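Student: I'd like to ask some things about the structure below.
We did not get these values from a lab; they are worked out from the coordinates using the rules stated. Please read these numbers as outputs of a predicted model, since none were measured by experiment. Every residue, glycine as well, gets a Cβ built from its backbone with ideal geometry; the counts of neighbours run over all protein chains shown.
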């Protein structure tokens, strides 16, 4: 009887024609015979020579199931687990796992260079297998959160939906996404898609500006410590300071006007919504300018004819380059300008734009300082000539 059992097992395990389910059936039959003989299966017949070919047969089924798609995953996990639980002796079970993982690992690594769907399905099998048998995951394998991150990123990149991209990036940031090449690559794809969708500058670190709450603004302020950039700003302030005093209400009669400026800190404001809105408006201006010959780029003589001589410092593009921002758009007559204002107003402008259409007094901002993040900066109706755009001779002023 023992010889017959071993012959049946050997045939089921080694024959490519025999399905994995047949192995389980033979093992169950052998267990019944061993139980009748009042012996454990491993004592009744020596199955140790079959552990390696058995694990290899299981691995072949795993590869075939992976090709068939994730729909076969539950039944495939059950078949392999059913075989594995029959090996009750610890050394046989450990030997089975060693052979299975030694075949699985190089195959899994090859999948990383190809289809991420196939890699995800393989990882899901391994996770389910380990969970059902209460085994630790191999360190080289994606964990459950990484698999979910990969799925979310794949779906988001395919859809191109901004909310889905942001949610997928936020989820992936909470995992060790850099540890897996395929996951890291898909994460970078999502960032590139989000960057293109929002038309963000290439120099912005999108990972940093995507908040942990995907429903919140893509916003961040970062200090720029480049000494060369600081020198450029200092030169810009030095070259544009004015020695005249006009109708400056705050300093009228006191002579308390700045004689110069010293750059202490440069802060880069990264507001994705503001930037996208600005780029869309810039596109519209470019199209408007195309309709009228000679309107862009405007020559110095044309500017002088329109509004008098324009004084500008030639440092704009150098500053933009140092801050990793696009060059000025001559097709829209784009300039960089200072906006002198109060610190609280500057924070509001950075966070929530500057609204020219609804003039209000910034005095109202002091009523609820804790709500500054939800408020918006408006054109100040108490300006010298009312609400509007003021072009002053000094960078420290706005509505003087």
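Student: Could you give the C-alpha radius of gyration of region 7-53 expressed as a fraction of 2.2 N^0.38 Å, taking N as the number of residues it contains?
Tutor: Taking the Cα Rg and dividing by 2.2 N^0.38 Å, one obtains 1.13.
Student: What's the Kirkwood radius of region 167-226 in Å, using all Cα pairs?
Tutor: That comes to 12.4 Å for region 167-226.
Student: Short version: what are the Cα gyration tensor semi-axes of region 280-353, square root of 5 times each eigenvalue, largest first, in whole Å?
Tutor: Numbers: eigenvalues 126, 53, 42 Å².
Value: 25, 16, 14 Å, ordered largest first.
Student: Ranking request for peptides 124-134, 320-330: highest mean number of other beta-carbon atoms within 10 Å first, then the rest in descending order. Don't skip to the end; give the middle numbers.
Tutor: Working: 124-134: 16.8, 320-330: 15.3.
By packing density, highest mean first, the sequence is 124-134, 320-330.
Student: Which value, to two decimals, describes the C-alpha radius of gyration of region 145-201 once divided by 2.2 N^0.38 Å?
Tutor: Numbers: Rg = 10.2 Å, N = 57, 2.2 N^0.38 = 10.2 Å.
Dividing the Cα radius of gyration by 2.2 N^0.38 Å gives 1.00.
Student: What base-10 log of the normalised intensity I(q)/I(0) is obtained for region 51-99 from the Debye formula, alpha carbons as equal point scatterers, at q = 0.14, 0.16, 0.25, 0.28 Å⁻¹?
Tutor: -0.34, -0.44, -0.89, -1.02
Student: With everything on Cα atoms, drop me the angle between helix 343-352 and the longest principal axis of the chain, reported from 0 to 90° to the nearest 10.
Tutor: 50
Student: Quickly estimate the mean residue ellipticity at 222 nm for the chain, helices only: each DSSP H run with n ≥ 4 gives -39500 (n - 2.57), and the total goes over all residues, rounded to 500.
Tutor: One gets -17000 deg cm²/dmol as the mean residue ellipticity at 222 nm.
Student: If you don't mind, there's one more thing I want to ask. Angle between the Cα long axis of helix 227-240 and the longest principal axis of the chain, 0 to 90 degrees, nearest 10?
Tutor: With rounding to tens, the tilt is 20 degrees.
Student: Going by the alpha-carbon gyration tensor, a ≥ b ≥ c the square roots of its eigenvalues, is region 1-102 rounded (a/c under 1.5) or, if a/c is not under 1.5, prolate (a/b greater than b/c) versus oblate? Mind showing how you got there, number by number?
Tutor: Working: a/c = 1.98, a/b = 1.73, b/c = 1.14.
Prolate shape, in that a/c is at least 1.5 and a/b is the bigger ratio.
Student: Compute the orientation-averaged projected area for the chain from the convex hull of its Cα atoms and round it to one decimal in nm². Don't skip to the answer; put the middle values down first.
Tutor: Details: hull surface 118.1 nm².
Quarter of the Cα hull surface area: 29.5 nm².
Student: Rg over Rh of region 99-164, using C-alpha atoms and the Kirkwood radius, what does it come to? Walk me through the numbers on the way to the answer.
Tutor: Details: Rg = 13.2 Å, Rh = 12.7 Å.
In region 99-164, Rg relative to Rh is 1.03.
Student: Compute the relative contact order of the chain as a whole-number percentage, counting only Cα pairs closer than 8 Å that sit 6 or more residues apart in sequence.
Tutor: On the way: 420 pairs, mean separation 37.9, N = 400.
So the answer I get is 9 percent.
Student: Can you give the angle from 0 to 90° between the axis of helix 90-112 and the longest principal axis of the chain, with both taken from C-alpha atoms, to the nearest 10?
Tutor: 40
Student: I would also like to ask the following. Strictly greater than 16 Å: what percent of every Cα pair in region 89-205 meets that? Walk me through the intermediate numbers first.
Tutor: Values: 4223 of 6786 pairs.
More than 16 Å apart: 62 percent of the Cα pairs in region 89-205.
Student: A follow-up question, please. Quick one: plug the Kirkwood hydrodynamic radius of region 37-152 (C-alpha pairs) into Stokes-Einstein at 20 °C, 1.002 mPa s, and report D in µm²/s. Mind showing how you got there, number by number?
Tutor: Working: Rh = 14.9 Å.
My calculation gives 144 µm²/s for D.
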